[in-house]
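A quick write-up on the structure given underneath.
The values are calculated or read from the model by the stated rules, or taken from the named source; none is laboratory data. Computed from a prediction, not measured in an experiment: that's the story for all the values here. Because the Cβ atoms are built from the backbone with ideal geometry, glycine has one as well, and the counts that use them run over all protein chains shown.
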Amino acid sequence: MNGVGTIGVTMAALLAGTMVVQAARDRRYPLPPVNDTSLYLTSGAAARRLTVSLNALAADVYWVRTLQYYGGARRRLSGQSSAAEFRPEPAPSSDYDRLYPLLDLTTTLDPRFTVAYRFGAVFLAEPYPSGAGQPDLAIALLEKGIREQPDKWEYMEDAGFVYYWYRHDYTQAARWFERASQAPEAPNWLRPLAATTLAQGGDRRSSKIMWTAILQSAEPDWLKRSAEHRLLQLRALDEIDQLQAAVDAYATRTGRFPADWQTLIRAGVLPGLAADPTGAPYEIGAGARVRLSPQSPLHPLPSEPAAARPPR
Amino acid sequence: MAAALSTFDLTKDYPIGFWRRRSCRALDRLTLDVDQGEVFGFLGPNGAGKTTTLKLLMRLVFPTGGRAEILGRPAGDLDVKRRIGYLPENPYFYDHLTAEELLVYFAGLFGYGAAERRKRASRLLDEVGIGGERRLQLRKFSKGMLQRVGIAQTLINDPELLILDEPMSGLDPLGRRDVRSVILSLRDRGCTVFFSSHVLSDAETLCSRVAILARGRLVACGRLTEILAFRARGWEMIVADAPETAIARIGSGARRVVRLGDGRYSLELPLDPPPARLLSEVAAAGAQVVSLNPIRETLEDYFVEQVAARQSGTPS
Amino acid sequence: MRPVLAIAVNVFRESVRDKVLYNLLLFAVVIMAGSYLIGQLTAGQDVKIIKDLGLAATQIFGLFIAIFIGIGLVSKEVERGSIDSVLAKPIERYHLILGKYLGLTLTLALNVAIMAAALYAVLTYVRWGIDPAIERAWDAPALDARLLQAVLLILVELLVVTAIALVFSTFSTPLLSAALTFALVVVGHFSGDLRNVQDVVKSSAAQWAARGVYWVVPNLAQFDVKAQVVHGQTVPAGYLALTIAYAALYVAMLIALASLVFSRRDFK
């Protein structure tokens, strides 16, 4: 028994020794951090060959990495600035550079990976900082999906939605919605949506129809939340218009623009403080323009083409 | 009476060398017969080709030339295998099976039904003296016990002929005695036993005939008594009560004098001159002759002589 | 045929007692740990990933067993010397080959069956409390019977690989057998590339060689229907029939080859 104890103690001491030496080596010569944004493989075809019959599983791995990449970048950016300006150009920094390659690899390994295509449709097109701000890439990804599954109406609908919402190209959007409505098993709200888009593309009402349709169909959670968010933003736009009308009416009546909401409340124009659907109060900014509070979660509001704004 | 086992010019060459071009002749035109009911010893030094011969008989190895017949049919025939038993040298069985399971498994290969298999297995394990250990896995068996299991598995089908490769190897004296008695009882039942060995004393006690193999060639074959008869090498005389001086004189012509203690001596005398002359000398010296016997050549002597002759190339 | 069954049962018993089936524990741990972690991560894709993981693990563990036990089926017996006592019994040499193959088949079938059951168990657990409306929108339901099609073809692939390993076992050392069998498995999965080699290589000699290899080397890629099944596409019965027929013929050829090699060997 004594012998066993001695050896046991010796082993524990040796193990402790290895830990001490490792800590010293880490301090002195730290290993370079693993660059987890690397793709390991850039060629989809090579990846398919390398993973042989485990393609689907490899696609799953890359899907997880895509989510982690996106989530990491998003968190980093929201930590940096809470009042990010709305920027229509592609992301100036490289934060979302790898998003498209990761999604492309995932969908090459598993060409039927529906959720990857639809995730790309939203977050590749979404402007910085919530997304990569590259609607062209989103369309490219969706077209790849349609090549693989020509009857998948969801991809065509997503393409229409990218043209509508991010490219403001209502002719194209209507074409895609029409094409989607012709796919087998397409839901019946696609045809009227195509018609509305063609007639009044960009119109707030048609946008509401589209987002409501998306919300009601059984979509992934994050797409539903996206739709809810959009609908709240549209509501905020409506409310802003109403508040602006009240401000302008007051100005016309009194000849002076109100400095704040209290003025309007005292004048009996408004019953109380106006707040957006999330509860953040509206502000009267420079030039007596009603606007959303920069702290509001609905910030930044989507832009609307001038022609589409409801007439005053 | 038909031979139980015969070989005719049985030959085996093994290709050797890196390109397998050259060949090495492991067995050279072996021709012998084993009669029914006899116990036949197949002897020879290590590497002589004994195991090769036995494997050729069992068709574990294919002959380069010649043929063999067992129980009147070509060796390797399935009908033949149904009627004989075989024990390989250094038998190895399945570690994970118990002794009982092994015998049941082998009995299944003979085609016996489930109940019959178990019955035979049980009986045979009793016969070879394996009791409670039969439920242990074979990996836990000693060499001696494995050898017993080996003997048991040769008897599963009540064979008419047994072919055993070194059946005594690895056994202690008790074990060897048991195997000897098994072989004798089988002979009494009419079974033919053909076994190879380099333990000559066993061959002496068991065999009616032997064959000696050296370097792939048969060097001798025949009845033990014939081989060993008329092969007296000398005489052994044991005397008692002889004074030292007398022994020196009497033993002058002896090859060897061994003091046995108690005043007795053993004298090894040559064949010539006949020892009768010495008897009177002993009596004259006042000593007693306890015994006078011819020294027969042992099988070992014969063996060594034959093999040495073979290896040096001179005929015996 | 009775000796064949006896030998098969012995092979099965040996693998059980050699604790081969403990690989199932590792499999269970892999799937359950994997599915728990995945559940935290992936925006609603956990069912797909669990199916992918479960099927892939079934295939990989099965391949390991098929290769590592397969290459020892005959060579272990010869090396240890137990072959002498077995072949001394009244059996043909090819009975031994058939029995060994059948025994490993039994082991693999049991292994795969238990893994499929475990996969269904995990899927049942994951699916607990999910709204059926949501499930209907998925590519395929969680407890999809189509998974069994993939499992069946995985088993068929394993049976072909076992036959390959058995052939090598009759004449080659374990290390070489393992390497060659593994190499054939990999090449077998690249059948698609071999078939379409003209897209990649210009030399006609190379194309001929590649085509020749495609027709002779076992095409294992055709047994891989995992991706289809997970995405809810049913495998047509005709496809199943033809691939299984291919496997049966190929295995029969391999067994014939193994029997031929084995029946001419000297066991010194």
Original post:
Any residue in region C:25-40 that is at pLDDT below 95, in contact with a Leu (Cβ under 9 Å, 6 or more places away or on another chain) and within 8 Å of another protein chain (Cβ to nearest Cβ)?
Top reply: yes
Original post:
Scanning for something within 14 Å of chain B (Cβ to nearest Cβ) and touching a helix residue (DSSP H, G or I) at 6+ places or on another chain (Cβ under 6 Å), does region C:146-154 turn up at least one residue?
Top reply: no
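I'd like to check something: does region C:1-13 contain any residue that is among the basic types (Lys, Arg) and closer than 22 Å to residue B:107 by Cβ?
Checked region C:1-13: at least one residue is among the basic types (Lys, Arg) and closer than 22 Å to residue B:107 by Cβ.
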Original post:
Could you count how many residues in region A:119-146 are within 11 Å of the chain's Cα centre (by Cα) and assigned to a helix (DSSP H, G or I)?
Top reply: 5
Original post:
What pairs can you find where one residue is in region A:139-159 and in contact (Cβ under 8 Å) with a residue 40 or more places away in the chain, the other is among the small types (Gly, Ala, Ser) and not in a helix (DSSP H, G or I), and their Cβ atoms are less than 6 Å apart, with a gap of 6+ or different chains?
Top reply: none
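Restricting attention to strands (runs of 3 or more DSSP E) lying wholly within region B:178-253, give those where 2 or more residues are farther than 18 Å from residue B:46 by Cα and touching a Lys or Arg at 6+ places or on another chain (Cβ under 8 Å).
B:217-223, B:232-240
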Subject >> Of residues in region C:154-177 being more than 20 Å from residue C:260 (Cβ to Cβ) and at pLDDT below 95, the one surrounded by the fewest Cβ atoms within 10 Å (Cβ to Cβ) >> reply: C:175
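Give B:137, B:147, B:153 a once-over and let me know the one that is more than 28 Å from the chain's Cα centre (by Cα) and farther than 19 Å from residue C:5 by Cα. I'd like the intermediate steps shown before the answer.
Numbers: B:147 fails: more than 28 Å from the chain's Cα centre (by Cα); B:153 fails: more than 28 Å from the chain's Cα centre (by Cα).
None of the others qualify; the one that does is B:137.
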Subject >> Evaluation of residue A:165 against (1) under 22 Å from residue A:224 (Cβ atoms); (2) surrounded by fewer than 21 Cβ atoms within 10 Å (Cβ to Cβ); (3) over 15 Å from the mean Cα position of the chain (by Cα); (4) more than 14 Å from every other protein chain (Cβ to nearest Cβ) (one fails), failing number >> reply: (3)
Original post:
Has region B:124-146 got any residue that is assigned to a helix (DSSP H, G or I), closer than 19 Å to residue C:83 by Cα and polar (S, T, N, Q)?
Top reply: no
Subject >> Scope region C:125-140; condition surrounded by fewer than 18 Cβ atoms within 10 Å (Cβ to Cβ), within 14 Å of chain A (Cβ to nearest Cβ) and not aliphatic (A, V, I, L, M); matching residues >> reply: C:131, C:132, C:135, C:136, C:139
**OP:** Just give me the residues in region C:141-150 being outside any loop (DSSP other than H, G, I, E, B) and crowded, with 16+ Cβ neighbours inside 10 Å, in sequence order.
**Re:** C:147, C:149, C:150
Original post:
Taking region C:76-124 only, how many residues are touching a residue at least 40 places away in the same chain (Cβ under 8 Å), within 14 Å of another protein chain (Cβ to nearest Cβ) and polar (S, T, N, Q)?
Top reply: 1
Original post:
Has region B:111-128 got at least one residue that is within 8 Å of chain C (Cβ to nearest Cβ), surrounded by fewer than 22 Cβ atoms within 10 Å (Cβ to Cβ) and more than 24 Å from the chain's Cα centre (by Cα)?
Top reply: yes
**OP:** Considering only residues that are at pLDDT 90 or above and among the charged types (D, E, K, R), look in region B:105-138 and name the one that is nearest to residue C:90 (Cα to Cα).
**Re:** B:117
**OP:** Might you check whether a residue that is touching a residue at least 12 places away in the same chain (Cβ under 8 Å), touching a helix residue (DSSP H, G or I) at 6+ places or on another chain (Cβ under 7 Å) and of a type in the set (Ser, Thr, Tyr) occurs anywhere in region C:53-69?
**Re:** yes
Original post:
Scanning for something in contact with a Pro (Cβ under 7 Å, 6 or more places away or on another chain) and either closer than 25 Å to residue B:296 by Cβ or of a type in the set (A, V, I, L, M) (or both), does region B:187-197 turn up at least one residue?
Top reply: yes
